[in-house]
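Notes for the one structure printed next.
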There are 2 protein chains.
Amino acid sequence: MATGRTHRPATRSRGIPEATVARLPLYLRALTALSERSVPTVSSEELAAAAGVNSAKLRKDFSYLGSYGTRGVGYDVEYLVYQISRELGLTQDWPVVIVGIGNLGAALANYGGFASRGFRVAALIDADPNMAGKPVAGIPVQHTDELERIIQDNGVSIGVIATPAGAAQQVCDRLVAAGVTSILNFAPTVLSVPDGVDVRKVDLSIELQILAFHEQRKAGEEAAGEAAVPAAAGRGDSADQGPDGDVPAVMPA
Amino acid sequence: MATGRTHRPATRSRGIPEATVARLPLYLRALTALSERSVPTVSSEELAAAAGVNSAKLRKDFSYLGSYGTRGVGYDVEYLVYQISRELGLTQDWPVVIVGIGNLGAALANYGGFASRGFRVAALIDADPNMAGKPVAGIPVQHTDELERIIQDNGVSIGVIATPAGAAQQVCDRLVAAGVTSILNFAPTVLSVPDGVDVRKVDLSIELQILAFHEQRKAGEEAAGEAAVPAAAGRGDSADQGPDGDVPAVMPA
DNA sequence: ATGTCTTTGTGAACGCGTGCACAAAGATGG
DNA sequence: CCATCTTTGTGCACGCGTTCACAAAGACAT
């Protein structure tokens, strides 16, 4: 029985909608690209196009952060990059540990997108003793026994789980016990965590299954179309990326 | 779903909400686990717990598929596995190509979750001539030049892009031109595709940034709490974990 | 058969997110 | 300074998704 803690503080001051938060990194990426091209200002229309969203949505998103635009002109690129970075907490350094250095874990360790934005891979951890000491992406893998010490020594609050499904919950428990409060889970399992811990999951298999569903629907529609409806071309409902689109492939668990 | 084709008697499946579709793979996984343990039936409450969702939501989700439960008893596991598999299109074989066999591409090729559910890696494609012929996950890598032929020969309709950001749009265009209508994009770019093509994206960097946001919020709240708020009873409002619902607002400017 | 007990299926209310449309704000030119 | 033009910021309406709460449906015991 779920305790009805419908206790909403409702301190309406600075509540940024979750959907908006999920889009901020998108805007930030587009803005960074503009910044590198030394573009001084950008309109909501242009930036929205670059980020693949609706301009009204973008303006509303920014309105939650404050009024950083100039009417008749647009937004100052550099200033906006700074504001969004700050809002997302990217002006500080986030040490991250990756647990489970298999194919995926190694790929994550090598992934450039981590270091590029305030995230620093503080340690790689694996349960296989044979992996210990081996360098992956220039960082020596450490054994699971060291997990708690590593977390505490480095003040790690974000953990990435890339272990097999069977080990994920156990690893998760240890991470949480050691002080981690945010987890990015690549293992195909539902993790259960105490209140106050944030979990996001990325599941490749699920993404493919969702695609398969739409693919099947398209095929069925097409077949039905050939029998009854003329030319399905440009059907408005074919679930492309834009419309409902920004379902970010990841669900809070 | 922009077009309001509210007029379609349709036995079913015409209007399965996107949010429901995204949860079906989750249910399927939980059901498969039960099936392996030879559990004959399961209640909405139990299954919901296993899948990490609310039981009312689960029942409503299933109601879109039809009435497959028995009141007073629950759902027949095997039957439900079949129905969901069919709905998701997993009873057929989906050939998939992976383009970009770097660290991530190789990890995807080795990922077991693909083959396990009706997905078959039909080919691995990379632009590097040195990779050509090299086996990855037991499959020889082929050169990008072969892309169109491979797609057509194998009747591939689902493509996975794991290239660097710079190459993604070009690869995407070629995939689409060759007949691919569903794309899973791991490159950190917004892909633009014609109507009728489905794109889902998985972006590791974005996920981390979202976690960082919440992490920062937690830290700020905690600090503010120590300074002003008189210790709430056991901490009523910290974070979430459950449905993406909780967004306790409170942000220091 | 009848009553009781369990669990489903769903009507209805609610809240969040989206998109429209427009007034306000500021730039720019005369 | 005034007029005009561009673009932001947002009030509002709408639709989707979630949750509650309960009647209907079936199992099971007597």
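The values are calculated or read from the model by the stated rules, or taken from the named source; none is laboratory data. Everything numeric here is computed off the predicted structure, so don't read it as measured data. Here the Cβ positions follow ideal geometry from the backbone for every residue, glycine too, while neighbour counts run over all protein chains shown. Areas reflect the complete protein model, heavy atoms only, side chains present, ligands, DNA and RNA absent. Shrake-Rupley method; radii C 1.70, N 1.55, O 1.52, S 1.80 Å.
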Interface size between chain A and chain B, please: total buried accessible area, 1.4 Å probe, rounded to the nearest 100 Å².
8100
Please report, for A:ASN54, the nm distances (one decimal) from its label point, 7 Å out from Cα along the beta-carbon direction, to the equivalent points in the remaining copies, shortest first.
2.4
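Please label the shape of region A:35-77 as rounded, prolate or oblate, based on the square roots a ≥ b ≥ c of the eigenvalues of the alpha-carbon gyration tensor (a/c under 1.5 means rounded; beyond that, a/b larger than b/c means prolate, else oblate).
Oblate, because a/c is 1.5 or more while a/b does not exceed b/c.
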Going from the alpha-carbon gyration tensor of region A:94-204, what semi-axes, largest first and in whole Å, does one get by taking the root of 5 times each eigenvalue?
19, 15, 15
Full-stretch length increase - B:ALA178, B:ALA33 - with 0.36 nm per residue and alpha-carbon distance subtracted:
48.4 nm
Inter-label distance, nm, simple model (7 Å from Cα along the C-beta direction), B:ILE16/A:THR70
5.2
Got a number for carbon plus sulfur as a percent of region A:18-88's accessible area, 1.4 Å probe?
50
Expressed as a whole percentage, what fraction of the accessible surface of region A:94-204 belongs to carbon and sulfur atoms when a 1.4 Å probe is rolled over the protein heavy atoms?
53
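Hey, which of these cross-link pairs are over 24 Å Cα-Cα: A:LYS201/B:LYS134; B:LYS57/B:LYS218; A:LYS201/B:LYS218; A:LYS57/B:LYS201?
Cα-Cα > 24 Å for A:LYS201/B:LYS134; B:LYS57/B:LYS218; rest within.
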Cα-centre dipole for region A:133-211 with unit charges at Cβ (Lys and Arg positive, Asp and Glu negative), debye to 20
160
Taking 0.36 nm per residue of separation between B:ASN54 and B:GLU148 and subtracting their Cα-Cα distance, the length gained on full extension comes to 29.4 nm
